[in-house]
Amino acid sequence: MSARRVKPSLYISVDIEADGPIPGPYSMLSLGAAVAGTQDADGFTAADPEKQTFYRELRPIGEEFVPEALAVSGLDRERLLSDGAEPAAALAEFSAWVREVAAGAQPVMCGYPASYDWMFLYWYLIRFTGASPFGHSGCLDMKTLYATKAGLPLRAVAKGTMPRELLSRRRHTHHALDDAIEQAELFANLMVWPGSSQCLPRRPRPGDEAGGGAQ
């Protein structure tokens, strides 16, 4: 039986800055994205992460915020209340951009870690546009990708523990577009990295002994 034909995947590195831990009570203040590369039946091809990018700063949707979270990005919340893009307009523009750059491919969001950025991005897409160009599950977590290839527990993973050749030479600035571009380079490096040669073999499980398990 021949393999089912599927479209290539177009990976888009996304980074968001927010003023709290969850969307709804708190607001996404900026959204940056950069095309990281394409994967098809022939493998992965990295893109120039500065070539196709998207960036918007958004008007906050509520009054609540966590000062420590706001301080991370350095964004001026008062300025954004007057000058930030309306979320509905910004997310509609983002969706149109994703569809444009992913023409002929299936877009996949990738993040480091994806959980926080995807939570805000998906919530905002559904809340303000009614749909997601990534579907409900089109996201890939770079920490999980690295942990799997390195043979490490997920909670043991941090950028500081990764081989230096995997990391981007760009600084992580907490500006959403800067960080999306930086992490696009990390993602491209991870996709072609063969993995750690020090991955440990699987520990024997009960029943694995000779004659003790099903064959």
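Annotations for the structure displayed:
- Subset tally (residues that are hydrophobic (A, V, I, L, M, F, W, C) and not in a helix (DSSP H, G or I)) for the stretch 85-109: 6
- Looking only at the stretch 1-51, and only at residues there that are farther than 17 Å from residue 191 by Cβ, open to solvent by 10 Å² or more (accessible area, probe 1.4 Å) and among the small types (Gly, Ala, Ser), the one that is modelled with the lowest pLDDT: 2
- Test: residue 55 is surrounded by fewer than 19 Cβ atoms within 10 Å (Cβ to Cβ), within 19 Å of the chain's Cα centre (by Cα) and touching a residue at least 60 places away in the same chain (Cβ under 8 Å): yes
- For residue 92, the criteria (1) open to solvent by less than 70 Å² (accessible area, probe 1.4 Å); (2) over 17 Å from residue 124 (Cα atoms) hold in every case but one, which is (2).
- Tally of residues being open to solvent by less than 50 Å² (accessible area, probe 1.4 Å) and more than 12 Å from the chain's Cα centre (by Cα) across the stretch 100-112: 3
- Residue in the stretch 19-40 that is in a strand (DSSP E or B) and among the β-branched types (Val, Ile, Thr) present: yes
- Checklist (1) among the polar types (S, T, N, Q); (2) part of a helix (DSSP H, G or I); (3) surrounded by 14 or more Cβ atoms within 10 Å (Cβ to Cβ) applied to residue 82, failing item: (3)
- Scanning the stretch 129-162 for residues that are in contact with a strand residue (DSSP E or B) (Cβ under 8 Å, 6 or more places away or on another chain) and more than 16 Å from residue 186 (Cα to Cα) turns up 133, 134, 138.
- Among the residues making up the stretch 135-149, those that are free of Cβ contacts under 8 Å to residues at least 60 places away in the same chain, of a type outside the set (S, T, N, Q) and either within 30 Å of residue 196 (Cα to Cα) or buried (at least 19 other Cβ atoms within 10 Å of the Cβ) (or both) are 138, 139, 141, 142, 143, 145, 146, 147, 149.
- Subset tally (residues that are in a helix (DSSP H, G or I), closer than 20 Å to residue 116 by Cα and touching a residue at least 40 places away in the same chain (Cβ under 8 Å)) for the stretch 150-181: 7
- In the stretch 41-65, the residues that are farther than 17 Å from residue 92 by Cβ and in a strand (DSSP E or B): 43, 44, 45, 46, 53
- For first residues located in the stretch 113-130 and surrounded by 14 or more Cβ atoms within 10 Å (Cβ to Cβ), partners that are assigned to a helix (DSSP H, G or I) and of a type in the set (A, V, I, L, M, F, W, C) and lie 6+ apart or on another chain with Cβ distances below 6 Å form the pairs 124/91; 125/91; 128/88; 128/91; 129/91; 129/92.
- Subset of the stretch 58-69 that is free of Cβ contacts under 8 Å to residues at least 40 places away in the same chain and either acidic (Asp, Glu) or in contact with a Lys or Arg (Cβ under 6 Å, 6 or more places away or on another chain) (or both) - its residue that is most open to solvent (accessible area, probe 1.4 Å): 63
- Search result, residues across the stretch 153-178 that are surrounded by 15 or more Cβ atoms within 10 Å (Cβ to Cβ) and among the basic types (Lys, Arg): 159, 170
- Number of the exception - residue 81 against (1) among the hydrophobic types (A, V, I, L, M, F, W, C); (2) touching a residue at least 24 places away in the same chain (Cβ under 8 Å); (3) farther than 26 Å from residue 141 by Cβ: (2)
The values are calculated or read from the model by the stated rules, or taken from the named source; none is laboratory data. This is a predicted model, so every value here is computed, not measured. Cβ coordinates were reconstructed from backbone atoms using ideal geometry, including for glycine residues, and neighbour counts include every protein chain displayed. Ligands, DNA and RNA are stripped out before the accessible areas are found, and what is left, the full protein with its side chains, is counted by its heavy atoms. Shrake-Rupley method; radii C 1.70, N 1.55, O 1.52, S 1.80 Å.
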